[in-house]
Amino acid sequence: MGLESAELTKYAANAFLAMKVTFANEIADICEATGADSEEVRYGMGLDPRISPDFLMAGPGFGGSCFPKDTQALAVTARKVGTPSQLVETTIAANDARKRRLAERVLTLLGDHITQKTVAILGLTFKANTDDMRQAPALTLLPYLNEAGVTLRVYDPQGMTQARSLLPKGIYFAHNALDAAKNSDLLVILTEWEEFSHISFEELQKAMKGRKILDYRGLWKDQNVSDYGFTYHRIGKRD
């Protein structure tokens, strides 16, 4: 393989996966609007061996070092050689827009008197099992909410040190998940850390002031969150 082919292979592979993630996110939005369940749609699509279920999990948008960088690199290269890629350009724009819509959805769920509300954020890194904050959805969400006057309490198992220098001042960096949830009106799951799936809902009920949960990773989809008095909003499923 020549150098040109090798470089383009890397860009194309990551751009294709980024498009797949973005497609899954848009399908999740359609599911919420129509009453379908994105998890069921993902399962059904994944049964087709031509597609597979990989990278079809809906979420708050892709981040990290590879997808954003390589989609941009492919888009720039394509424009330079006179063959712009509409698919890649749209993927980049759709992913950026999704992160902004996440913040707007949080404000909608908070309702009136935004400046008197507290939001707990569980997860800051762009994915679990890393301390990588590059292009993480949290870097769009938290400044947006902070500017709106929302009080923020956040926790991430590995990303706290990196996040402190990237996020606005005034955000409370909690010692653990329950500390982040303390006196919050709304809890948002932003990163799919395994430890979050084992949180005691009884303890969470005691810690929170409100009873709203926005799960942007579908982490608690198989648990009876509503049994504890919570209103559970899961991405890709109508409330």
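Side notes on the structure shown:
- Peptides 145-151, 31-37 ordered by average Cβ neighbours within 10 Å, highest first: 145-151, 31-37
- Annotation: lysines with alpha-carbon distance below 17 angstrom to Lys127 (same-chain offsets under eight excluded): Lys20, Lys69, Lys99.
- Rg to Rh quotient for the stretch 130-208, alpha carbon positions, Kirkwood Rh: 0.94
- Under 5 Å, built H, 5+ apart or other chain: amide partners of Lys212: Leu187, Thr231
- Label sites at Ser52 and Ser200, each approximated as a point 7 angstrom past Cα along Cα to Cβ, lie 4.1 nm apart.
- Alpha carbon centroid spacing (whole Å) that separates the stretch 11-26 from the stretch 116-154: 23 Å
- Placing a pseudo-label 7 Å from each Cα along the Cα-to-Cβ vector at Phe23 and His113 gives an inter-label distance of 4.6 nm.
- Convex hull volume per residue for the stretch 66-144, taking Cα atoms only, in Å³: 106 Å³
- Label zone at Glu104, where the point sits 7 Å out along the Cα-to-Cβ direction: the stretch 16-52 residues whose backbone N lies under 18 Å: 25-34
- Both radii come from the Cα set of the stretch 1-87: Rg as radius of gyration, Rh as Kirkwood radius; their ratio Rg/Rh reads 1.06.
- Pairs of Cα atoms nearer than 8 Å and 6+ residues apart set the relative contact order; for the chain it is 21 percent.
- For the stretch 1-147, convex hull of alpha carbons as volume per residue, Å³: 151 Å³
- Rg ratio (alpha-carbon, reference 2.2 N^0.38 Å) - the stretch 82-239: 1.04
- When only Cα pairs below 8 angstrom with a gap of at least 6 residues are kept, the stretch 183-239 shows a relative contact order of 38 percent.
- Mean shadow area of the stretch 24-66, taken as a quarter of the surface of its Cα convex hull (nm²): 3.4 nm²
Here, each number is a calculation from the coordinates, and none is a lab measurement. Bear in mind that the values here come from a model prediction, so they are computed numbers and not experimental data. Cβ: placed from backbone, ideal geometry, glycine included. Neighbour counts: every protein chain shown.
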